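Q: Before I ask anything, here is the structure I am working with.
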Amino acid sequence: MSVLDLLPLIEARSARVGVIGLGYVGLPVACILADNGFHVTGVDINAQKVETINRGQSPIGGEEPGVAELVARVVAAGRLRASTAVTDLAEAHIVLICVDTPVEPDTHLPLYRGLRGALTSLGPVLRDGALVIIESTIAPGTISGVVIPALEEASGKKAGVDFFVGHCPERVTPGRLIQNLVTMSRAVGGQTPDVAKVMVALYSTYVTGELDPTDPLTAEVVKTAENSYRDVQIAFANELAVVCETLGADVYAVRELLNKSPGRAMLMPGAGVGGHCIPKDPWLLIANARDQVEARLIPAARAVNDRMPEHMVTLTERALAKHNVSLQGARIAVLGYAFREDTDDDRESPSRYFVEALERCGATAIVHDPHVPAYQRPLEEVVTNADAAVFMVAHRAYQNIDLEWLRGALRHPVVVDGRNVVDVNAAASAGLTYIGVGRRLL
Ligand SMILES: NC(=O)c1ccc[n+]([C@@H]2O[C@H](COP(=O)([O-])OP(=O)(O)OC[C@H]3O[C@@H](n4cnc5c(N)ncnc54)[C@H](O)[C@@H]3O)[C@@H](O)[C@H]2O)c1
């Protein structure tokens, strides 16, 4: 049995494809493959999601260009069917696993409940000669230490002989899922060069970016390292912002000039880092090395970024003090709860930690978010009679907010800006007391 036997099936689009995990990553991938002519079966343990998809609707909210239309099209064409039963993948030649891979909150070690569940349920129905590709982000060493042993045990088959394994991590960002899936380059890690060759053939059916064949370990390190790199860069921006506040400098003016120096590309500071990737991928990177290597920079960056929601509380307290208002007992309008602009994804949202910190100080938080269902309510209801408005997310809905109106609605004219949403001069003209991450302290 050779993995290369899959090449003509991919070419003819007669390879049957299974996708396990129909979230922000798995659903668009399943849809794109279906739209490219494959018959795709998507499996998820969330029965409500499965029902929604089979009705031709997307369970993903926020501004996600193209996803709803694509789901409607491929379901109507009969090319994508969702199911809660992994047994429906018994005919699949290729199975992509796109389940969530969080870390344990205290130890920061990988929590592979979803991944192990997917592997142990897939094993018994895995067809001979199948290719299993892990798209989820995993700690380096997981393909050899978890995926292959779990699949071999559950299937009674031998990896590299009876079935084949690869790792092709996703690089998408909510808000740009389809565009990223199609255009971004990919590290394509095959168990052998032939496996990588077949994976490249599969991804070539819809990816216009470069496809770089490699081995699974390299792909595991690349993915977790690229997000760790970003976390470290954001931490630098955040630390510099706090330093600038204390020195009386403006971090945005500093950043603009600093980036004129060759090779510098400082990122924007902000109210914290969230989502299902950047806060946990640095921990995944070091998970299997940390007993031998004392990683210092990566945990330090995590600590700096995790501190930002607390720092937002300090800024809020300072701004309120200008109006002789104590944080204790204050009513704070929190604008934005998603982890980034114009998505409904609120996993590891900095706003959650900000709200918890406010409540520990005896303040009341009233949250607004145009995309997160629990907080979709009129903005006016949230800001009216609040002691301060705090911008935690740069949603488009907040970009052109009428500052005169905001001042009139608030009980005290206090604005705290964690995302550089409000123009400082416009805030001053509107008579607002403005304080922001990286701005001169009041
Ligand atoms: N969200 C992103 O922007 C993004 C970007 C790049 C990489 N990733 C990585 O992709 C992976 C998936 O992320 P996501 O954001 O799509 O997660 P998600 O939570 O949106 O989707 C995961 C889905 O898997 C399902 N699931 C979990 N265990 C299962 C099982 N045993 N069987 C069947 N279904 C199961 C869940 O019900 C859920 O619907 C993660 O490893 C993540 O780090 C995510």
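The values are calculated or read from the model by the stated rules, or taken from the named source; none is laboratory data. On a predicted model such as this, the values are computed, not experimentally measured, just so you know. We place every Cβ from the backbone using ideal geometry, glycine too, and count neighbours over all the protein chains shown.
Q: From the list Gln328, Gln376, pick out the single residue that is surrounded by fewer than 21 Cβ atoms within 10 Å (Cβ to Cβ), out of contact with any strand residue (DSSP E or B) (no Cβ under 7 Å at 6 or more places or on another chain) and closer than 22 Å to Glu63 by Cα.
A: Gln376
Q: Please list, ordered by first then second residue, the pairs with beta carbon atoms under 7 Å, 6 or more apart or interchain, first in the stretch 383-404 and over 16 Å from Gly270 (Cα atoms), second surrounded by 15 or more Cβ atoms within 10 Å (Cβ to Cβ) and of a type in the set (Asp, Glu).
A: Qualifying pairs under 7 Å: Arg396/Glu341; Arg396/Asp342.
Q: Can you name the number of the only condition in (1) out of contact with any Leu (no Cβ under 8 Å at 6 or more places or on another chain); (2) crowded, with 24+ Cβ neighbours inside 10 Å that Ala319 fails?
A: Of (1) out of contact with any Leu (no Cβ under 8 Å at 6 or more places or on another chain); (2) crowded, with 24+ Cβ neighbours inside 10 Å, only one is false for Ala319: (1).
Q: Out of the residues in the stretch 163-216 that are acidic (Asp, Glu) and in contact (Cβ under 8 Å) with a residue 40 or more places away in the chain, state the one that is nearest to Gly62 (Cα to Cα).
A: Glu170
Q: Mind checking which residues of the stretch 131-146 are within 16 Å of the ligand (Cβ to nearest atom) and either in contact (Cβ under 8 Å) with a residue 40 or more places away in the chain or in contact with a strand residue (DSSP E or B) (Cβ under 6 Å, 6 or more places away or on another chain) (or both)? Break it down into steps so the answer makes sense when it comes.
A: Narrowing the stretch 131-146 to residues within 16 Å of the ligand (Cβ to nearest atom): 132-143, 146.
Passing the criteria: Val132, Ile133, Ile134, Glu135, Ser136, Thr137, Ile138, Ala139, Pro140, Gly141, Thr142, Ile143.
Q: Same structure again: Regarding the stretch 98-114, can at least one residue be identified that is within 14 Å of the ligand (Cβ to nearest atom) and over 19 Å from the mean Cα position of the chain (by Cα)?
A: no
Q: Test each condition in (1) over 26 Å from the mean Cα position of the chain (by Cα); (2) near the ligand (Cβ under 10 Å from one of its atoms); (3) of a type in the set (Asp, Glu) for Asp128 and report the one that comes out false.
A: The failed condition is (2).
Q: To continue, here is another question. Pairs please, first residue from the stretch 1-28 and in the same structural domain as Asn180 (by TED's automatic domain parsing) and over 18 Å from His167 (Cα atoms), second anywhere and assigned to a strand (DSSP E or B) and of a type in the set (Lys, Arg), Cβ atoms under 9 Å, 6+ apart in sequence or on different chains.
A: So the pair list comes out as Leu9/Arg16.
Q: Any chance you could count how many residues in the stretch 10-33 are in a loop (DSSP other than H, G, I, E, B) and either more than 9 Å from the ligand (Cβ to nearest atom) or on the phi > 0 side of the Ramachandran plot (or both)?
A: If we filter the stretch 10-33 for residues that are in a loop (DSSP other than H, G, I, E, B), which is where we start, we get 12-15, 21-25.
Then drop every residue that is not either more than 9 Å from the ligand (Cβ to nearest atom) or on the phi > 0 side of the Ramachandran plot (or both), which leaves 12-15, 21.
Going through the stretch 10-33 one residue at a time, the tally reaches 5.
Q: A follow-up question, please. For the stretch 71-84, state whether one or more residues are surrounded by 20 or more Cβ atoms within 10 Å (Cβ to Cβ), modelled with pLDDT of 95 or more and within 13 Å of the ligand (Cβ to nearest atom).
A: yes
Q: Same structure again: Can you confirm whether the stretch 45-56 contains a residue that is surrounded by 20 or more Cβ atoms within 10 Å (Cβ to Cβ), hydroxyl-bearing (Ser, Thr, Tyr), under 26 Å from Thr101 (Cα atoms) and more than 9 Å from the ligand (Cβ to nearest atom)?
A: no
Q: Same structure, new question: Kindly indicate which of Val172, Val207, Val200, Val182 is within 14 Å of the ligand (Cβ to nearest atom), of a type in the set (Val, Ile, Thr) and on the phi < 0 side of the Ramachandran plot.
A: Val172
Q: Of the residues in the stretch 335-378, how many are part of a helix (DSSP H, G or I) and of a type in the set (Ser, Thr, Tyr)?
A: Narrowing the stretch 335-378 to residues part of a helix (DSSP H, G or I): 350-360, 373-375.
After this cut, where a residue has to be of a type in the set (Ser, Thr, Tyr) as well, the list is 351, 353, 375.
So the count comes out to 3.
Q: Under 7 Å by Cβ, and 6 or more places apart or on different chains, what pairs join a residue from the stretch 318-337 that is within 28 Å of Pro370 (Cα to Cα) with one that is part of a loop (DSSP other than H, G, I, E, B) and of a type in the set (Asp, Glu)?
A: Leu320/Asp387; Ala330/Asp387; Arg331/Asp387; Ile332/Asp387; Gly336/Asp369; Tyr337/Asp346; Tyr337/Asp369
Q: For the stretch 162-272, give me every one of the strands (runs of 3 or more DSSP E) that falls completely inside it and has 2 or more residues that are surrounded by 17 or more Cβ atoms within 10 Å (Cβ to Cβ) and touching a Ser or Thr at 6+ places or on another chain (Cβ under 6 Å).
A: Correct list: 186-190.
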